[in-house]
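Enquirer: Right, I'll just put the structure down here and ask away after.
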Amino acid sequence: MLKTWLKKKGFEVDTAGNTARARKLLNGHSYHLILSDLRLPDQDGIHLLTELRKNHDQTPFIIMTSYAEIQSAVQAMKHGAGDYITKPIQPDELLKKIQENILPETTTSTEQTAAKTSGETLQFLEGESEAARQLYNYVQLVAPTQMSVLINGASGTGKEYVAHRIHELSKRAGKPFIAIDCGSIPKELAASEFFGHVKGSFTGALNDKTGAFEEANGGTLFLDEIGNLSYEIQVQLLRALQERHIRPIGSNKEIPVDIRLISATNENLTEALEKGTFREDLYHRINEFTLHMPSLKERPEDILLFANFFLDQANRELGRNLTGFDTEASEALQRYAWPGNLRQLKNIVKRATLLAQGEFITPRELGEEICMPTKNIQESLTLHDEETEKRRILNALQQTNNNKSQAAKLLGIDRKTLYNKLKLYNILQ
């Protein structure tokens, strides 16, 4: 919330959830001021302050503390802190202290800083949880290589962003990044989407079409929900990857292609291998390195970070100027299970931003579903083994009069996953 508010006041702000993360930021950047809580997960703020002063770093340092810890804050000032501020923080008081601690000649005008931050806005946030740090450590390791990567994770966890990030950190960064959603391609058009076609090669082929392989030549091809491809297309895809040549439909000419493949799935492909619906040779070809996308409930430390990030986006898109979430709304966001992961959080925040009447988003704007008590029907409908899973899907459909959107909510999954399960268990739709 402070980051969002300070950015509105024209400051450029980085955040860290602990002193270890703070040290990394301080090693790579120069800051005009450090605003630190007294109590941190790994070490306290005084420890960080003392360390900085021993290294002759005189960056102004303000300690945030509760009324009960004022004596500790006074002690921090003896170690070189410029000031302290008590929680709950009054924004005007904080702004005054910041202005007092930053030398006038080092400050940037609000207009200049705001222009700079808006021009460098990130489209995604990686997060600061342990799960996020581990994921992006792996991303940095595999990105410079030519290995094929399989990204495994539930819908809405940000698989395409990770694929794009791998591309950006690779040696192919200056070349195309082409993304294909395999779940949305009709079976009869898949070959054309991948390899292209020539005019008149089939009914409806009114013009030549360049396929995704050729468009991505020299760069990266991202195949989302690869588990949805038919067996026939899997054969053609494997051949293209092995031979590094493609032939558009209706053409006698082979085209050499050089692509790096990144695939993603929200299904268990090892089960598909056992059932014979996914080719084992293709699986090993696309799976030289596997990344697991943590669900949002596996990284609770990141929920408010993402919520405020999505609020910034929604403010820009909707022309609003909200500051953040009130205390009750923040607590509700952290309690909720988020079956739809980041995509669901983004949609909820955008809707709340549109509805909000005051400066802060309240539980009223988040809606009843987000603010319900944590013990709800989702807990009793969590999916487990196949027989139990099938039975609970049928029960959910019965409870909702065959309303698949409502059934998916009861089961704690998204609609796309439910449709895949209906197909898997041959449940009539």
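The values are calculated or read from the model by the stated rules, or taken from the named source; none is laboratory data. Note that this is a predicted model, so its numbers are computed, not measured. Neighbour counts are summed over all protein chains in view; Cβ atoms, including those assigned to glycine, are modelled from backbone coordinates with ideal geometry.
Per-residue answers, yes or no, for (1) in contact with a helix residue (DSSP H, G or I) (Cβ under 8 Å, 6 or more places away or on another chain); (2) modelled with pLDDT of 75 or more; (3) surrounded by 12 or more Cβ atoms within 10 Å (Cβ to Cβ); (4) not assigned by TED's automatic domain parsing to the domain that holds Leu49:
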| residue | (1), (2), (3), (4) |
| --- | --- |
| Tyr84 | yes, yes, yes, no |
| Leu94 | yes, yes, yes, no |
| Asn101 | no, yes, yes, no |
| Glu105 | no, no, no, no |
| Thr110 | no, no, yes, no |
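Enquirer: Also, quick follow-up: Would you say Arg320 is surrounded by fewer than 16 Cβ atoms within 10 Å (Cβ to Cβ) and outside any helix (DSSP H, G or I)?
Expert: yes
Residues are listed down the side, and each one gets a yes or a no for (1) surrounded by 19 or more Cβ atoms within 10 Å (Cβ to Cβ); (2) closer than 29 Å to Lys416 by Cα; (3) in contact (Cβ under 8 Å) with a residue 40 or more places away in the chain; (4) not assigned by TED's automatic domain parsing to the domain that holds Leu273:
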{"position": "Ala173", "(1), (2), (3), (4)": "no, no, no, no"}
{"position": "Gly183", "(1), (2), (3), (4)": "no, yes, yes, no"}
{"position": "Leu189", "(1), (2), (3), (4)": "no, yes, no, no"}
{"position": "Glu193", "(1), (2), (3), (4)": "yes, yes, no, no"}
{"position": "Gly200", "(1), (2), (3), (4)": "no, no, yes, no"}
{"position": "Ala212", "(1), (2), (3), (4)": "yes, yes, no, no"}
{"position": "Leu229", "(1), (2), (3), (4)": "yes, yes, yes, no"}
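Enquirer: Need pairs with beta-carbon distance below 7 Å; first residue in the same structural domain as Arg23 (by TED's automatic domain parsing) and within segment 35-64, second in a helix (DSSP H, G or I) and of a type in the set (Asp, Glu); sequence gap 6+ or separate chains.
Expert: Leu38/Glu69
Enquirer: Scan segment 57-82 for residues that are closer than 12 Å to Ser36 by Cβ, among the polar types (S, T, N, Q) and either in a helix (DSSP H, G or I) or modelled with pLDDT under 80 (or both) and jot them down.
Expert: Residue satisfying the conditions is Thr65 alone.
Enquirer: At pLDDT below 75 and either at negative phi or assigned to a helix (DSSP H, G or I) (or both): is that true of Leu410 in this structure?
Expert: It is true that Leu410 is at pLDDT below 75 and either at negative phi or assigned to a helix (DSSP H, G or I) (or both).
Enquirer: Given the criteria closer than 30 Å to Gly17 by Cα and surrounded by 14 or more Cβ atoms within 10 Å (Cβ to Cβ), does His164 qualify?
Expert: yes
Enquirer: Take the residues in segment 338-359 that are among the hydrophobic types (A, V, I, L, M, F, W, C) and buried (at least 18 other Cβ atoms within 10 Å of the Cβ); name whichever of them is farthest from Pro294 (Cα to Cα).
Expert: Step by step, filter segment 338-359, then rank; the result is Ala356.
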